Every structure is written in C-alpha cells, then in structure tokens.
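Please treat every number below as a calculation from the coordinates, not as lab data. This structure is a prediction, so every number in the text was calculated from the model and none was measured. Cβ coordinates were reconstructed from backbone atoms using ideal geometry, including for glycine residues, and neighbour counts include every protein chain displayed.
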Amino acid sequence: MIVFSPKQKQIITAPYDVTLEVNEGTPRSSKTTAGVFRYADYIAGTRDENHLIVAYNQEQAFRLFMECDGFGLMHIFGDLAKIKHDENGDHLLVDTHNGQRKIYYKGGGKADSKKAITGMSLGSVAFCEIDLLHMDMIQECFRRTFAAKDRYHLADLNPPSPNHPVIKEVFEVQKTRWVHWTIDDNPIITGERKQEIHETLKKNPYLYKRDWLGQRVIPSGVIYSMFDMKDNIKQKLEGKKIEMYFSGDGGQSDATSVSCNIVTRHKGKQRQYDYKLNRVAHYYHSGSDTGQVKAMSTYAKEIKTFILWCQEKFDIVRSEVFIDPACKSLREELHLLGVVTSPANNNSKDIKGSSKGIEVGIERMQSAITNEQFLLLETEEYDHYNFIKEIGMYCRDDNGKPIDANNHALDEARYANNYYYRKYVL
C-alpha cells in the first residue's frame, strides 16, 4: 500500500481550477511522485485525447513521469496502458472510461524542440524541471492547449535563481497555484537520513537554503555562475574545425562522464586567428543516481561507441582521449578495446600566482566561459542535461573551498579546457 504525506494528498485531490500548478522545492521532497499521481487522476477523467510530458530530453521525460522509480504512469495504469508510437511520436496509450488517451513524452531543452509539437492539439502538458526547458518550447506548449476541453498544465522544479525568466514569463503570467516543498514532505525518508542530509547541506549556505529550506537564492557560491544559457550555448558548429579530442572522468558508484570537444578557428580580433572550445556531445552515467552500477568494461564499450558516433557525426578523427589519471581501470579497459588514452591534466601540479592546483583550472574555465571561448553545441543525442544541472550546483563551502559534489562533468570539462588553454590560448 502506498502511503502519501499530507502535502501529497493535498496536491493529488486539489480541484482543477487554475491554468498552471507548480510544485517547487527541494530535491527528494516527493513532489514529482505527487505530480505523477495528480496527472494520472487528470488523465483518468479528461475529455481530451492527446497529452504531453516534456523534460530536458525524452529520456528524462520517460524516467521521471512514465517510470518514476516504479510509481510512474505506466505502473499506475498497469494493464490498461501500453507504450506505442505513431506519426506524432512515442506515447503511453491508456484505456480510460472516457476512451483511449495518448500521453506523448518529448525533450524540450533545445531551441528547436518546439518543432516536435507544432501542429499538435493537446489537452494538457506536464513540465518536468521546467526551469531547464527552453522558453520557446514552454510557450509553444501553452499554445498547443488553447482548444482543449479540459485544459491543464502541471510543472515541477527545484528552486531556481530568483531572477530566472520562468518566474516572470510563466508563473506570474498564468493563473498559477504554487506549492512549496521540503524534504519533510517526503513520507519515506527516515529521521536519521534527514539528519544525515542536513549535516551535509549545512556546510554550505547556498545549498542549505536551496536544497534544505527550498528557497530561491542567488547562486553567489556557484563556481561557474557566469555561464549563460544563451551566450554559451549554440545551435550549430561555427568556424573551421581544427581538432577533436575527448576528456573523461570515471567511477562505478559515482558518475562516469566523457565529453567530445572540438576546437574551431575564427577570424581574430586582436590576432590573426581566435580559437573556441566547443563541447559538442556528452556521455554520462551515474550508478548512484540510476541504481544501476555498470562494470568498467561496460563503460569502456559504451564510451567507444560514443567516440565513434562523434567522429562520424562531425566528420573528424580524434587526436586524443584524456582520462583522469586516477581512473586506471577505465583506461585499461579502453586500451583493451583499442582506444589509446592519455592522462588528463587535472591541475594537480599547477601554480599561477596565489592560485594552486584545481583553482588554476577553475580560473581558466571561468575565463573561457566569460569570454565565450567555451561553448555547448546542441545535438540530438548525447546532450548536455547533466552538465547544465551540475554547473548550477557546483559550489564553494564557507571557507571558499570547492565542494567535492555535483562536479563529475565539470571536472572533465576542466581537463578539456586545460588542454585547450595550453595549446590554443597561451
């Protein structure tokens, strides 16, 4: 039997009397689970046939709402639901007492994501982590429901920065019911585990306010706060391709992260040529996040597939594969598959003025981001979802030291930038 918290019961049984319902609060507060059951209740009674779940990418949409750790829509509806595909895409086909209902699931993190729903008529949209979605996609979703009989929108998110555009351009525009969540609203987390989480988060004021109190806070402690979702993200590769190389960091319970990087040459302003570092694709898997721990040999096979895909996609052969020197087992497994690797420069020996070690690499990365020398390129596969999540959460503690968390993708991005800096900037 499923036990719901009072907050979850409040959400699931609320009247459908607003345009948008927003569940905002801390990670592990059970807001997504409540949203899934709320959405299932809506689907069971709606008169509209087509509906949409949208997350940063399609995989996230499926994992968060269809699967949801065994509590997703496909489990709630059980034998009444089947995964299908038609001209509009993948969807869950549900038999209800009102007839069949199609729940499509799609990615919405890219500028052209809205093309996937252009022309569709929808009864409702559920936005997963709405602050990570492209604003064009969000607005198109609202337009697609204009003709609905039972128009409904549901969104969830962790607390964004107070100046995030989703607040003024979406929440304050719609007739919105906003509900705040904290970890105390999760009925399955024990007091002992809450205390453990509290002790970890209280070491950093930003994380404590955001992930314990569920407050919107200006990310002053975020190390790469200068990263801009418009200026540092491009839709296509520009300039002349000079070199492709890969950078990686690995672990079994921790995340394994490998990026594909392409250096491009451009007409210079101060000198004949300028160079940019384009992070064009990203392989990422976390054993702790997914509950699926893979062998290093499996990671190596998947990484080799990723490398070959990138070379074919961008029509250029790699020059190097840099892996963190500490990841000896991953390097050995890659060597067995014929992928030659080199130890990445992890800044362990770097000194620049008063900065030492990792701080040297961080300063280089901050400079590359600020100068728009470091760019993300949108691709249809191997996207940057996990990189973007990390870059908004990688922080310093009260003593100004980088906290060793939310940094798996960012560490290997730093390694990639170290190589770029020494070869193309110095």
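Quick check on region 233-425: what are the equivalent-ellipsoid semi-axes from the Cα gyration tensor, as sqrt(5λ), descending, whole Å? All intermediate terms of the calculation are to be shown ahead of the outcome.
Numbers: eigenvalues 118, 95, 50 Å².
Semi-axes (√(5λ), whole Å): 24, 22, 16.
What is region 233-425's relative contact order, in percent, from Cα pairs under 8 angstrom and six or more apart in sequence? Provide the component values of the computation, followed by the final result.
On the way: 337 pairs, mean separation 51.5, N = 193.
It rounds to 27 percent for region 233-425.
If I histogram all Cα-Cα distances within region 1-103 using bins 5 Å wide from 0, what percent of pairs lands in each bin?
Per 5 Å bin, starting at 0, the Cα pair percentages come out as 2, 11, 22, 26, 21, 13, 4, 1, 0.
Pull out the extension gain between E312 and D150, defined as 0.36 nm times the separation in residues minus the alpha carbon to alpha carbon distance; nm, one decimal.
Values: separation 162, 0.36 × 162 = 58.32 nm, distance 4.60 nm.
Gain in length upon complete extension: 53.7 nm.
Just to be sure I understand: of the beta bridges DSSP finds with both ends in the chain, what percent are antiparallel, rounded to 5?
Just about 50 percent of them are antiparallel.
Based only on the alpha carbon positions, what is the Kirkwood hydrodynamic radius of the chain, in angstrom?
On the way: mean 1/r = 0.0434 Å⁻¹.
Taking every pair of different Cα atoms in the chain, averaging 1/r and inverting gives 23.0 Å.
With each pseudo-label sitting 7 Å past Cα toward Cβ, what's the E59-T19 distance in nm, one decimal?
Distance between label points: 3.5 nm.
Among all the aspartates and glutamates, which ones have a C-alpha under 16 Å from K240's C-alpha, if same-chain residues fewer than 8 places away are not counted?
List returned: D274, D315.
Tell me the net charge near I130. Cut-off is 10 Å between Cβ atoms, I130 excluded, with +1 for each Lys or Arg and -1 for each Asp or Glu. Kindly include the intermediate steps, with their values, before the conclusion.
Numbers: positive: none; negative: E24, E129, D131, D156.
Local net charge: -4.
With +1 assigned to the C-beta of every Lys and Arg and -1 to the C-beta of every Asp and Glu, and no other charges, what is the dipole magnitude of the chain about the Cα centre in debye, to the nearest 20? Could the numbers behind the result be given before it?
Numbers: 57 positive and 58 negative charges, 203 e Å.
Its charge dipole is roughly 980 debye.
Write down the percent of antiparallel bridges among all DSSP beta bridges whose residues are both part of region 76-202, to the nearest 5. Walk me through the intermediate numbers first.
On the way: 12 of 16 bridges.
Of those bridges, close to 75 percent are antiparallel.
Could you give the length gained on full extension between S121 and R143, defined as 0.36 nm per residue of separation minus the Cα-Cα distance, in nm? Provide the component values of the computation, followed by the final result.
Working: separation 22, 0.36 × 22 = 7.92 nm, distance 0.89 nm.
Taking S121 through R143 to full extension adds about 7.0 nm, to one decimal.
Please identify, among R364, R331, R396, the residue showing maximal mean-square fluctuation in a Gaussian network model of the chain using a 10 angstrom Cα cutoff.
Maximum fluctuation in the GNM of the chain, among the listed residues, is at R364.
Can you tell me which aspartates and glutamates have their Cα less than 14 Å from the Cα of K294? Leave out same-chain residues fewer than eight positions away.
By straight Cα distance, K294 reaches D254, E302, E333.
Which one of N57, N399, N371 has the biggest mean-square fluctuation once the chain is modelled by GNM with Cα springs under 10 Å?
Of the options given, N399 has the highest mean-square fluctuation.
Work out the length of the dipole vector of region 252-333 about its Cα centre, built from +1 on the beta-carbon of each Lys and Arg and -1 on the beta-carbon of each Asp and Glu, and round it to the nearest 20 debye. Please list the in-between numbers first.
Values: 13 positive and 10 negative charges, 107 e Å.
In debye, rounded to 20, region 252-333 gives about 520.
Please give me the summed charge of the neighbours of H153: other residues whose Cβ is under 12 Å from its Cβ, Lys and Arg +1, Asp and Glu -1. Could you put the intermediate results ahead of the total?
Details: positive: R38, R143, R144, R151, K175, R177; negative: E21, D150, D156.
That works out to +3.
For the chain, just give the cysteines left without a disulfide-compatible partner, judged by no other Cys Cβ under 4.7 Å.
So, C68, C128, C141, C327, C395.
As a test of the formula, what do you get for the chain when each DSSP H run with n ≥ 4 contributes -39,500 (n - 2.57) and the sum is divided by the residue count, at 222 nm and rounded to the nearest 500 deg cm²/dmol? Don't jump to the answer; show the numbers that get you there.
Numbers: 12 runs with 117 residues, N = 426.
One gets -8000 deg cm²/dmol as the mean residue ellipticity at 222 nm.
In nm, what is the difference between 0.36 nm times the number of residues separating K267 and K240 and their Cα-Cα distance?
Details: separation 27, 0.36 × 27 = 9.72 nm, distance 0.98 nm.
Once the chain is fully extended between K267 and K240, it gains 8.7 nm.
Taking R0 as 35 Å, what FRET efficiency do you get between D404 and M135 from their Cβ-Cβ distance, rounded to the nearest 0.05?
Values: r = 33 Å, r/R0 = 0.95.
FRET efficiency, D404 to M135: 0.60.
Based on the Cα atoms of region 16-190, what semi-axes does the equivalent ellipsoid have, where each is the square root of 5 times one gyration tensor eigenvalue, given in whole Å with the largest first? Don't skip to the end; give the middle numbers.
Values: eigenvalues 102, 80, 45 Å².
After diagonalising the Cα gyration tensor, the semi-axes are 23, 20, 15 Å.
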